[in-house]
Amino acid sequence: MSDNTSPHPASAPGVGRRKVLGAAALGGLGAALGSGGAAHAAPSPAPARVRTIEQRERAVVIGTGFGGGVTALRLARAGVRTLVLERGLRWPTGPNATTFPRIANVDRRSTWLSDRSGLPGIPGTWEPYTGLIETLKGQGMTINCGAAVGGGSLMYHGMTLQPTAEYFAQSIPMMAGDYAELNRWAYPTVAQMLKITTIPDDILATDPYKSSRLFMDVAPQAGLETFKVPLPIDWSFVRGELAGRYEPTYITSDLAFGVNNGGKHSIDVTYLAAAQATGRVRVETLHVVRDISMDLLRRWVVHVDRIDTDGVLQERKRIVADAVFLNAGSPGTTRLMVKAKGKNLIPNLPDAIGTQWGNNGDRIYQWVQMNGEPGFPQGGPACVGGRDPDSSIPLTIIHAGSPLLPPGIKAMVVVGFGINQPAGTWTYDAAKDDAQLTWPASGDAELQALIRARMDEFVRVGGGQMIDTNARENSTWHALGGVPMGGAVDRFGRVLGHRGLYVLDGARIPGSTGACNPSMTIAALAEHSMATIVRQDIGRVF
Ligand SMILES: Cc1cc2nc3c(=O)[nH]c(=O)nc-3n(C[C@H](O)[C@H](O)[C@H](O)COP(=O)(O)OP(=O)(O)OC[C@H]3O[C@@H](n4cnc5c(N)ncnc54)[C@H](O)[C@@H]3O)c2cc1C
């Protein structure tokens, strides 16, 4: 299918001074600040007549992020021919590539089928495009998530943190008994596949990483135990930028839409590439799964719209499969399952579908006008952090560089996350034929009070001010839950009462991942589940 080898470099006005501080928070994680009010433009009308293709498959994987990448590889290695469906595009990178939009000149490549970015401080409107980040507005919470081959691994910072046994059990009590096994081989397998390392000291000592060093200086005095964040980065690419061989991307934290130079071991170039190398996996891009149903013979039917890069419907597919693995991410998988339940496309789905959703406790602060000198440009990805060992609710605080700053302004991004109550629910909205999220502030209020107190400590020790960017519009880039283990799926992601239907992505994790970013736990749980599914279900269920 179509690759994005020649992405549209559609222009947008440059970022003006008054927008800069807002956009500065894009630094790290910033793509996630979601307060720009993305108005989803209606996709262009479909051609008058589109054909529907019927297809028969043994195994279908929906989505190519952490859950999807692991699933595809383990099915392929077990000898199962697998079709992988992905709504987004492939985004090939390499030294000095111009694949992704730059933060100072964002264009339609940034955004999934909307006429503007959902991120704060990003000016301009454009023709909707099958771009990188989808912004979904719920009640009380805006979600930002990846829409590309590789899922969130393209625009994520790559913070690859494993929770302790104790914190893991607090977030995912149902799997507490499996932690020893996860720790013994599943987490290490993910670490090996993604080739994770921490920032070398000599790179941390360079000018662009001054803000990271300032964080490391202040954090212990603010009561945190500091650490270097494991990242899936080939640091020789950062060295290449420091030496002037490549256009700056890492060393300016221009990462919010992806790393142009490459050197990032994202899912498309690790798990998925390995799966495709077996010859048993086909990846179809620009394939949007609209619904999943069960037919009269109790087989799974995946209803797909194949679109072009403007979002225009080209063709419909009705794919009948023995096994379907939902890996469309927490919002994507939850929407498909809530729709299936709301329309009774699959009879007797568990009542827990649409429940136990959470934001991983995310909160993004801008620390401005501190006493120390953070410097500019500020290097990334987010390579240093701190933990509060005595917090009554587990939490982690990390630093991310700002890609843009107005002259004379000192600022850096400081982000907190931790264990919340998975209080979010999704309900079916028949008028929109979609699921809608409701997130009550009580879900993470206690945690946020603790994170705020820790931020106040930074100010007490290091001066300046902490601006809570979520106060304007609450947003997350760590959506988790909606099809939770226990109520909706078993420990191995099997939908309860429905043979051959699986959920192996962040949708099955109830709201948080033990005061760590989620990707490593999503992937480790997928490895753990697939080992059992390969052993027990292949040849029996599909
Ligand atoms: C800006 C940003 C920064 C982040 N930084 C970090 C970080 O540093 N560390 C970390 O651990 N996590 C980070 N995250 C979160 C991390 O990316 C997600 O937790 C992770 O990607 C979720 O994995 P997943 O397999 O559940 O789903 P995803 O990776 O989201 O993959 C889901 C895939 O399914 C596709 N899809 C969705 N719906 C459909 C459909 N209907 N039909 C076909 N395909 C569909 C999507 O396009 C996507 O490719 C970040 C996220 C963002 C957005």
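Coordinate-derived values only; no laboratory data. From a predicted model like this one, the values you see are computed outputs, not experimental measurements. As a convention, Cβ positions derive from the backbone with ideal geometry for all residues, glycine included, and neighbour counts pool all protein chains shown.
General remarks:
- Across the range 84-217, the relative contact order, built from alpha-carbon pairs under 8 Å that are at least six residues apart, equals 15 percent.
- Farthest toward positive dipole pole in the range 361-488 [+1 Lys/Arg, -1 Asp/Glu at C-beta], among 470, 399, 483: 399
- Spatial extent of the range 99-235: Rg and Dmax, with the Cα atoms as the point set, Å: 18.9, 50
- Remark: the chain carries a charge dipole of roughly 1260 debye about the Cα centre, counting +1 on each Lys and Arg Cβ and -1 on each Asp and Glu Cβ.
- Expected 222 nm ellipticity per residue - DSSP helices of 4 or more, -39500 (n - 2.57), all of the chain, to 500: -6000 deg cm²/dmol
- Folded to 0 to 90 degrees: helix 445-462 orientation relative to the chain principal axis, Cα: 30 degrees
- Distance between the C-alpha centres of the range 412-430 and the range 235-302: 24 Å, rounded to the whole angstrom.
- Alpha carbon centroid spacing (whole Å) that separates the range 476-542 from the range 74-145: 23 Å
- Taken over the range 231-338, the ratio of Cα radius of gyration to 2.2 N^0.38 Å equals 1.47.
- Cut-off 11 Å, label 7 Å out along Cα→Cβ of residue 54, residues of the range 281-318 by amide N: 318
- Each Cα pair under 8 Å and six or more residues apart adds its separation to the average, and for the range 321-465 the resulting relative contact order is 28 percent.
- Applying 1/(1 + (r/R0)^6) with r as the Cβ-Cβ distance of residue 499 and residue 165 and R0 = 35 angstrom yields a FRET efficiency of 0.65.
- Kirkwood hydrodynamic radius computed over the range 426-542 comes to 17.3 Å, based on all pairs of distinct alpha carbons.
- Extension gain (nm, one decimal) between residue 348 and residue 185, 0.36 nm per residue minus Cα-Cα: 55.2 nm
- Annotation: the antiparallel percentage among DSSP beta bridges lying fully within the chain is about 70.
- FRET E, pair residue 296, residue 139, Förster distance 25 Å, beta-carbon r, rounded to 0.05: 0.10
- For residue 435, the residues 5 or more places off, or on other chains, whose built amide H falls under 5 Å of its own are 429.
- Long-range amide H partners of residue 384 with built H, under 5 Å: 229, 399
- Expressed as a fraction of 2.2 N^0.38 Å, the value expected for a compact globular protein of N residues, the C-alpha radius of gyration of the range 89-128 is 1.23.
- Cα-based helix-to-principal-axis angle, 329-342 vs the chain, degrees rounded to 10: 40 degrees
- As a proxy for reagent exposure, 508, 316 were ordered by neighbouring Cβ count within 10 angstrom, fewest first; the result is 316, 508.
- Relative contact order [Cα under 8 Å, 6+ residues apart], the chain, whole percent: 23 percent
- For residue 61, the residues whose amide H sits under 5 Å from its own are 83, 84, 85, 325, ignoring neighbours fewer than 5 places away on the same chain, with H placed 1.01 Å from N.
- If the chain linking residue 198 and residue 98 were pulled fully straight, counting 0.36 nm for each residue of separation and taking away their Cα-Cα distance, it would gain 33.4 nm.
- A simple spin-label model places the labels of residue 532 and residue 226 4.1 nm from each other, with each point 7 Å out along Cα-to-Cβ.
- The range 172-181 - phi-based ³J(HN,Hα) in whole Hz, Karplus 6.51/-1.76/1.60, Gly and Pro as x: 10, x, 5, 9, 3, x, 9, 4, 4, 5
- For residue 431 and residue 313, the FRET efficiency from 1/(1 + (r/R0)^6), where r spans their Cβ atoms and R0 equals 25 Å, is about 0.75.
- 3J(HN,Hα) along the range 72-86: 4, 5, 5, 5, 4, 5, 8, x, 8, 5, 9, 9, 10, 10, 9 Hz, from the Karplus curve 6.51 cos²θ - 1.76 cosθ + 1.60 with θ = phi - 60°, whole Hz, x for Gly and Pro.
- Computed from Cα atoms, the angle from the helix 519-536 axis to the main principal axis of the chain rounds to 30 degrees.
- Remark: for residue pairs 264/410; 195/339; 264/343, the C-alpha separation exceeds 31 Å in 195/339; 264/343.
- Distance distribution note for the chain: the fraction of Cα pairs above 32 angstrom is 38%.
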